[in-house]
Structure formats: structure tokens, C-alpha cells
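Below is one structure; the comments refer to it alone.
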Amino acid sequence: MSLLYVVIAIGMTWPLALHLDSALTENADTLQQTWILAWNAHALAHDPLQVWHAPIFYPYPSTAAYHDHHLILSLLAAPVIWLSNNPVLAHNLLVLLSFVVAGWGGYTLSRALGAQPGVAFVGGLIFAFSTYRFAHIMQLNLLQSGWMALAMAALVRFLQPEEAGGGSWRDALRVGFWSGLQAANAFYYGFFLAPLILGYIGLWVLAALWAQVRTGTAFPWRYLGRLSAGGVLALLVCVPFLLPYLAIYRTLGIVRTIRELDHWSAPLSAFFAVLPENWLYGRTGLLPQAPHELALFAGFVTLGLALLSPLLVRRSWQTGFWWLTLVVAVLLSFGTGLRWERGDPPLPVPTPYPLLYQMIPGFGAMRVPSRWGLIALLALAPLAALSLGRLIARRPSRQQLGLVTLCSVLILGEHGVAPLTLREQALGRLDPLYATLGTPEYADVQVMIELPVGALARGDDLQRTTERHFASLLHWKKLPIAYGALIPFGTLDLLRSLQSLPNPQIVDYLRLLGVDTLVIHADQYNPEAFAALTSGLEAQPEVTLRGQIGAALLYRLTPDPRRSLPLDATRPPPHLLISNDERMPGLAVLSLSRAWQEAGSTLYGPGRLRYYGSFAPLPVGMIPSYALLASAEDPERYGYRATNQVWRAHGLTLYAADPTVVANLELGVVASGMFHPTYPNQVTIKVEENRIQLGTVTVPRRTAEPMMVELDIAAQRDGELTGGNAILKYASGLSRLRLPLTPGLTALHLAPDAVFLRVRLLHDQQPATVQSIPGRVLTSTGAFVGSSLIIEKTASGTATLGLRIRGAAAYDDRPIRLVEGALPVNDGRVRFEVDLLNPQAAWMTERGKPEDGRYIAYLVNPDDPDDQGLPVAQFQLVGGVLQQAQIVVLPLTGVIAQ
């Protein structure tokens, strides 16, 4: 039977079998999928521990998880690649194998449900050679659907009565193995398979309980125990492959917007749509044509046979399950709304997908609801096979064979697209540039960017990027610009920056990222643009022309010393703090942090959504050797002095620790239910012989030399600090107080309208001092009255305060600029009032149109356009109605001016 599926697969994909080693279906995804197989084989042969860290989208880590990894398929493909040095051959063999496995899966499922071998063979044809699968022939990951059919077949056999062979350990473990293999091979299909298995088990449990009530049949609890063992096996198989994906989705914050799901939701017409290459309907124009994701035609023969099943097939909960599966899968494939054509406004018929998108983890990560059409096909295959079996059951064997053959020919004829359009992709035909880059002469090239590139990976730019990505299998250099199912935010930002070359600022930025080589394809530029780019690069001392390979010029960028921290060979690598301020260029921080970690440094700090995960938590009070901060940040907050700046570039500043600063403690605590930290009005200090207690921080006292306590405070009015023998007067605003550390210095108190922001311990000896610090002291509260937002603020150290309200549209997360403006501070107070449904006021310098979405109101410094502000309120607009409105109380705090 499998051999017959092999023969049919060769015929239905003709002339692929004639060009197995030299051609691929003409699509960017095919190049990417072949490259993945090549990378896996390369990594497994040279450094298996690096297999997840593919050399694309530099400096991001774990980039093999930016698409389906194909590691399991690579166990088959790698020997072929090692022996032939030809990943194209390995890819095409796996394409043919996928049709055979899907056919065998459909056959096995139909047999498990009671179909005879001949009609079960037709069930395999329906599942393996459908329009859906030919629409995805360029996506090897989406061709891996046979495992789900094998898993369901094993489940059906397992849940049969024991006298019919059910309940065996072998089938329970098969369910787990095939399920785990499906989830490990294709994330989408693993997500589809889970509710399918749970739903089938759930109906079986209900049927078994009903049988217990009706006939007294004992419930077979041992079945559930054995299925649990199968579930454990499934997890053991798939979890090691899924963990990198979970980490990547968490770090990159990947959630598909409703608008993106709209684009890939199946309209009603998709179920009657075929590919343009379809023999019977596409080339003749008998049925509408659709792009590959929206061609879901199941075939009139398949539909006709399946629709007869309620009349022909004995009714049972098993057949009811497959009809329920069919209906649910079709509903889910409609995605966000029921439409006749793609792009039409949705019909006034609710669909379940938006609700599931909000409630169930995972739905927000899948951007193509139409792929649920595969599950509809999985349900149709056994239903059609069972109907055909009943139709021919009482006919002579010769007529049965004839009818099975006729149905098979009609089914294949309805979906056939051969001859496939192929494109020559023999490695020997690639530009010699790429093989040359793989020679020892260019071993020093580590990170390279090829030019030109577009600002967006679309159209010709996408094809060009994909071809360069594919050709990198000849050299394996690290590529910041590549093609993948996920393209990270930092790469998109880099693409936009590259449009400004040869701007020296961009060249300097590339050096900071670690890019060492620019490859410029002269034949892809017009002469004027090429001359402007090359002359501009050659005018910069950091750029040198290394040579020319064919039509490509290679420029070398001088290594950036800022990527190497000052190191002392006699000491361990330094520790670093990375603040993760949103004003920091994330891609540069990611690259620098990876370079420093590879040099052995320990990094502390929170993660940055879309760029990198959390580093080590900073021990309370610790001041690492260096701190990388946004240039607009106050280094004093982290215990560093502005005078100890090491370098500043591209919105980043590196500070070295001041050896006189022993410890630094931020005193703000975020209370339950609050957003902003609350600062204390007193600080407890305890001096002992061998240690010093600063609030909750204990600092070893290794010497008896004199020490100082430095305190930053915010005050609304003039007042005085008291404690021990100290009395220091301070003015309203921000102040820095220094006190000698003595045993008599215990509890320090401020006036009721002042707070301690932070405390530092210094190796120093000076008299007590009070220093005024430039900045603002703020506190605010407010209320929502009807559709109006009222914010009342108290401030000192500033003449004006601004209010900014920004949001994200509910439909597509598009940014909304609703309100911005400023008011003068009179007697330390200011009051803003905004009608959120009709923002109109003389103080507003910007007014937008209120739209449904999520909003946050920020208190800002109107003189600083880069000020991110402090949130003071949040709300939503739903159907033009204010909802979930909440005031974010701002306790007394201070903002140091930069």
C-alpha cells in the first residue's frame, strides 16, 4: 500500500522526481526550508549544542526557533546531505515522503474506524493529495500532517472495547509517540491535534459512563491510566523541541493582532477555491482561484461521499465525533468573522475565534486561522471512506475494485496540479561569491550585511533576501538580515537604518552591533546610487575596501573597541548592570550584552520585550563594575557618578563604578494594588563593628576608615532632617544630603511632606552637607467623571507640566495619539480636565480622534520631547463607551533633570 502511495506521489508532483537534486518549487519558503535542513546537518556534524543558534537575525539567539526547526526530519535528511553535499536532494525526498506518510495516516485512520482496505486507501488519498496540501507544497513544515492521522488511528483502536482489541499498551504508547512527533514537527498541527484527542477521549468517557448507567458495564479506568502514560510519552517527545519556541515567544512578545488574523481567515469562498494550476477547475476557470493559504476545496467526490455517511454509515458516537470535528474546524477556519470573499466586511454572524483568541493561550500566536481547514479534511477522509465502503459492500469484488479505482482517479483529478513549476537551485549555479566567502581566506568575516536591502521585506526585496539567506549555506557567516516565519523587531529597525547609508552615524551603529563586513552588489544598483554609496563609505576611516568578488565589493568595518570592556588580566571579568530603559536601542544592547557574556561577564537587569530575556537579578544594594544606561537616565539612581562615563553613543552611555561608592539602595516599594513605588519618610541605619545595616541591606565593614551616608530626598516644602545628632535643613524640591556615618546615626526622619528616594554608603570623610539637585518633585491623583478625566497634580522644580494620552487601537494595535498639551504650575498645583470622547481645550497642542482601544495618560515634561512620562490613568474605549477606567495614583516622587 505504501509503495502505491509512493508511485502516486511521484506522479502528482511531476516532474519533481526528475530534478530531485537540482530544483525546488518556486517559492521563498522552499529556499528557507531547504536552508534549515542544511543548517541542522551542518550543526549536528560540527557542534550539536549550537543547533538552535542558527546564524541568522544576528545578534538574536535561538534563531532556529524563528521557524519550524525540522530537527526530527533532519535525522533523515542529515545523512543524505552529508553523503551528497546536496540539501536540495534531501528536501525533495522529504516532500515526497510527506505525501506517503499522510496517505498511510489517512489509510490507517479509515481502517481503525472500520473501513475495508480498498476504501481505506481512498481515505488516504483524500488526506494526502488534497488541494490544501498542494497549496502548501513549498512549506515542508506544513506538509508534516500524517502524524496526526496516525495518532488518531491509534487512539481509535485503543478506545475500542477490550474484546475488540482495545486498551493495549502498544496503542496507548503509539498515541503518545505520534502525537509528540506531530507537535515536535509542526507547532500549528500540534496545537490542532491536542483538542482533537481530548475531544475524542471526552466523548468516549461520556459513552462509557452512559453504558455504565444503562447496562451496568464497569467503567474501564485502566484505559485512562494507560492513556496517561501515552501523554507522558508525548511530552517527552515534544517538550524538548517546544521549549525554545516558548522562550522565543515570551522574549519577543509575539501576539498576532486581530487585523493580522483577518487577513488569513478563510472566507466562505475558500472552500470552493482551487489553485490556479489545478487541472480540472483552475486552468478551466470552473472554480474560483485563491492564494495558497485560502485554497481549501475538498473535492466534490469527497464532499458527496461524506454527505452520504449519515444515511449509509451506522450511527455511533465515533462517527458523530468526526461530524462535530468537521463543523468546528470549518467554524474556526473562518477566523475573526464570516465573509464571502477575503477583505469583505464580516457578516452579522458570530464566530468563536475572537473569544478563543482572548481566552485560550496559543490562539494569539497563530496568524493563519484558515489552516484549521486541514482538520476538516482529516474528518472528511474517514467519513468519505466509510460511505464508499457501504456503497460498494454488496457488489462483486471486480465491481468494488472498479468503483474504488474510479473514485481514486476522480479524487486525484480534482486536486492535481502537475506539472509543478520548478526553479533550478543547484548549489553549483549560485553566485561564486558565496563559495568564495566560505574559503579560509575569508574566515575572519564573522557578521556580514549584503546591500542593497529594502526598508521592508516585501516583493523583490523579500526574494533577494531569501536567495542570499539560502546561499549562506556555502559559508555560514552570521546574517543580521535574513528570512523567517518570524522577523524580529530589531531586524526591521535595522532595515530602516540601512536606508541612510553611507551616513557615518549608521556606519558607527553597525560597528557597535558587531558587523564587520558589508557586501555591496554593484549590479543591483543604478550607477549614481552605487557611486554615492561607495564614495561615501570610502571617505570614512573606519571603512576599507577589502576587494571584489565578481560584481560584489567587500568593505571591512574596523572592530569597535566599545564592544570590549576594560579588562584586568589579574581579576575575573567585570559584572555589568543593564537598566533596560525603553529609550535604549534594543538591538545594540542585545549585541553588546551577548559580546560581554561571551567574554565571561555576568550581567544583571530586567529583560526587554522584543529583544532579550532577563539577566541575573541584581543583589540589593550591589553596584556592578559597569552600568549600561540610556543616555537620558540619571546614573545616580543606580549608584554611578556622571563623571565616571566611559563612552556615550547612539542613546547609550556606559559608566564605571565609583570606587568610593560602597552600596546603593533604591527605597521605593510598589505596594499591592499600586503602580508607582511609594517612598519612605524615614530610614533606619545600624552601625556595628563588622557590618552596616542600611534599611534592608547589610554591607560588610572591612576597614575602620571613615564613611558617609548619602541620601537623595524629594520635598514639597522646606523642612529638616533629624536623627541621632544630625539636623539638616533642606529646601523644597530635590536635595542630596551627606552625613558622616557614626554609631549615633540610627533612625533618620523627614518632615511629613518629604520622602527618601535612595541611600548610598560612601568611603569618604566630609562634614554634613545639603546640595540642591535640579529636577522635579511630583505627586498626583485624579478621577473619572462621566466621560471626562480630571488629573490634579502638585509639583515643584518646574514651571509647566504636560499631559499626554496615547493608545493602541483594539482592531490592529495601531498607535493612537489622542491628547497632548501643557499647563503652567501655579502655587505648586496644576489641574487637567479632558473629555475623552471629545477632547477640546485651549491648552491642548494635539488632539486625535477617539477610537476603540486601550489608553494610558502620562504626566510629562513638556520641555523634553523624549520624556516617556509617568502613567497617571488608564482606560479603554469599547463601542465609543468609556470602560475599565482607573486612576493611577502617583505618590510623592522626584525626577532628576538631565
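Might you report the magnitude of the Cβ-based charge dipole of the chain about its Cα centre, with Lys and Arg at +1 and Asp and Glu at -1, to the nearest 20 debye? Mind dumping the intermediate values first?
Working: 64 positive and 63 negative charges, 573 e Å.
Using only the charged Cβ atoms, the result is roughly 2760 debye.
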- Message: Compute the angle between helix 169-185 and the longest alpha-carbon principal axis of the chain, please, reported from 0 to 90 degrees and rounded to the nearest 10.
- Response: 60
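Please work out the ratio of the alpha-carbon Rg of region 567-652 to 2.2 N^0.38 Å and round it to two decimals.
Working: Rg = 12.4 Å, N = 86, 2.2 N^0.38 = 12.0 Å.
Cα-based Rg divided by the globular estimate yields 1.04.
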- Query: Highest mean first, what order results for 80-87, 748-755 on Cβ atoms within 10 Å?
  - Reply: 748-755, 80-87
- Taking only Cα atoms of region 663-773, the Rg to Rh ratio with Kirkwood Rh works out at 0.97
- Task: Quick one: order His19, His136 by neighbouring beta-carbon count within 10 Å, fewest to most.
- Result: His19, His136
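Per the Cauchy relation, a quarter of the hull surface: what is the mean projected area of the convex hull of the alpha carbons in the chain, in nm²? Mind showing how you got there, number by number?
On the way: hull surface 187.9 nm².
Here the figure is 47.0 nm², rounded to one decimal.
For the residues Trp317, Trp596, what sequence is obtained by ranking on other C-beta atoms within 10 Å, fewest first?
On the way: Trp317 13, Trp596 22.
Taking fewest neighbouring Cβ atoms as first place, the list is Trp317, Trp596.
Please give the net charge around Thr643, taking every other residue with its beta carbon less than 14 angstrom from that of Thr643, where Lys and Arg add +1 and Asp and Glu add -1. Mind dumping the intermediate values first?
Numbers: positive: Arg641, Arg648; negative: Asp634, Glu636, Asp658.
Result for the local shell: -1.
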- Sequence-distant aspartates and glutamates (8 or more away, or on other chains) whose Cα lies within less than 20 Å of Lys793: Asp718, Asp753, Glu820, Asp827, Glu833, Asp835, Asp863, Asp864, Asp867
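At a 10 angstrom cut-off on C-beta neighbours, averaged per residue, how do the peptides 787-796, 431-440, 43-52 rank from highest to lowest? Please list the in-between numbers first.
Working: 787-796: 19.1, 431-440: 15.8, 43-52: 13.7.
For the peptides 787-796, 431-440, 43-52, the packing ranking is 787-796, 431-440, 43-52.
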- Task: Show the residues, 5+ positions off or on another chain, whose built amide H is closer than 5 Å to the amide H of Leu430.
- Result: none
- Query: Separation of region 521-598 and region 169-211 by C-alpha centroid, Å?
  - Reply: 50
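Which value results for Rg/Rh of region 45-112 when Rg is the Cα radius of gyration and Rh the Kirkwood radius based on the inverse mean 1/r? Show your work: numbers first, answer last.
Working: Rg = 15.6 Å, Rh = 14.1 Å.
Checking Rg against Rh, the ratio lands at 1.10.
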- Note on the structure: Val881 and Ala229 label points (each 7 Å along its Cα→Cβ direction) are spaced in nm at 5.6
- Item | ³J(HN,Hα), Karplus 6.51/-1.76/1.60, whole Hz, each residue of region 62-72, x for Gly, Pro | 6, 6, 5, 8, 7, 7, 4, 7, 6, 5, 5
- So how long is each side of region 775-896 along the principal axes, counting just the alpha-carbon atoms, biggest first, in Å? 41, 27, 25
- Roughly what would the spin-label model give for Ala218 and Val205, points 7 Å off Cα along C-beta, in nm? 2.1
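Just order 643-651, 142-150, 879-887 by mean Cβ neighbour count inside 10 Å, highest at the front, would you?
Details: 643-651: 14.1, 142-150: 26.9, 879-887: 12.3.
The peptides rank, most packed first, as 142-150, 643-651, 879-887.
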- Message: For Tyr249, Tyr200, which order do you get if you count the other beta carbons within 10 Å of each Cβ and list the fewest first?
- Response: Tyr249, Tyr200
- Query: Hey, which lysines would be in cross-link range of Lys729, C-alpha to C-alpha under 23 Å, not counting anything within fewer than 8 residues on its own chain?
  - Reply: Lys686
- Item | Sum of side-chain charges, Tyr249 neighbourhood, beta-carbon under 13 Å (Lys, Arg +1; Asp, Glu -1) | +4
- Message: List the trypsin sites (Lys or Arg not before Pro) within region 348-394 that DSSP assigns to loop and that have no more than 11 neighbouring Cβ atoms inside 10 Å.
- Response: Arg394
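Work the Kirkwood hydrodynamic radius out for region 179-314: mean of 1/r over every pair of different alpha-carbon atoms, inverted, in Å.
Values: mean 1/r = 0.0515 Å⁻¹.
Mean inverse Cα-Cα distance, inverted, gives 19.4 Å.
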- Task: Would you work out which of Ala365, His575, Val669 lies farthest towards the positive end of the dipole of the chain, given +1 charges on the beta-carbon of Lys and Arg and -1 on that of Asp and Glu, about the Cα centre?
- Result: Ala365
- DSSP beta bridges in the chain: the antiparallel percent, rounded to 5, is 90
- Angle between the Cα long axis of helix 87-112 and the longest principal axis of the chain, 0 to 90 degrees, nearest 10? 60
- Taking the alpha-carbon centroid of each part, what is the distance from region 771-810 to region 688-717 in angstrom? 33
- Note on the structure: Amide H neighbours of Thr678 at under 5 Å, excluding residues fewer than 5 places away on the same chain, with H built from the backbone geometry, are Val669, Val670, Ala671
- Query: Taking the C-alpha atoms of region 430-559, how large are the radius of gyration and the largest Cα-Cα span, Dmax, in Å?
  - Reply: 13.7, 38
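Over region 466-543, consider all pairs of different Cα atoms and compute the Kirkwood hydrodynamic radius from their mean reciprocal separation; express it in Å, one decimal. Spell out each step's value before the answer.
Values: mean 1/r = 0.0715 Å⁻¹.
Over region 466-543, the inverse of the mean reciprocal pair distance is 14.0 Å.
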- Using modelled backbone amide H atoms (1.01 Å from N, in-plane), which distant-in-sequence or interchain residues come within less than 5 Å of Leu451's amide H? Val519, Ile520, His521
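First select every other residue whose beta carbon is under 15 angstrom from the beta carbon of Val878; then total the charges, Lys and Arg +1, Asp and Glu -1. Show your work: numbers first, answer last.
Details: positive: Arg854; negative: Glu851, Asp852.
Result for the local shell: -1.
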- Arg398-Val646 pseudo-label distance in nm [points 7 Å out on the Cα-to-Cβ vector]: 8.9
- Could you go through region 339-352 in sequence order and give the Karplus-derived ³J(HN,Hα) for each residue, using 6.51 cos²θ - 1.76 cosθ + 1.60 with θ = phi - 60°, rounded to whole Hz, and x for Gly and Pro? 9, 7, 10, 4, x, 5, x, x, 6, x, 10, x, 10, x
- Query: Each residue of region 35-40 in turn: what ³J(HN,Hα) in whole Hz from Karplus with 6.51, -1.76, 1.60 and θ = phi - 60°, glycine and Pro shown as x?
  - Reply: 4, 4, 4, 5, 5, 4
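Every number in this text was worked out from the coordinates using simple rules, so none of it is lab data. All figures in this text were calculated on a predicted structure; none of them were measured in a lab. When we count neighbours, we look across all protein chains shown, and the Cβ atoms used for this are built from the backbone with ideal geometry, even at glycine.
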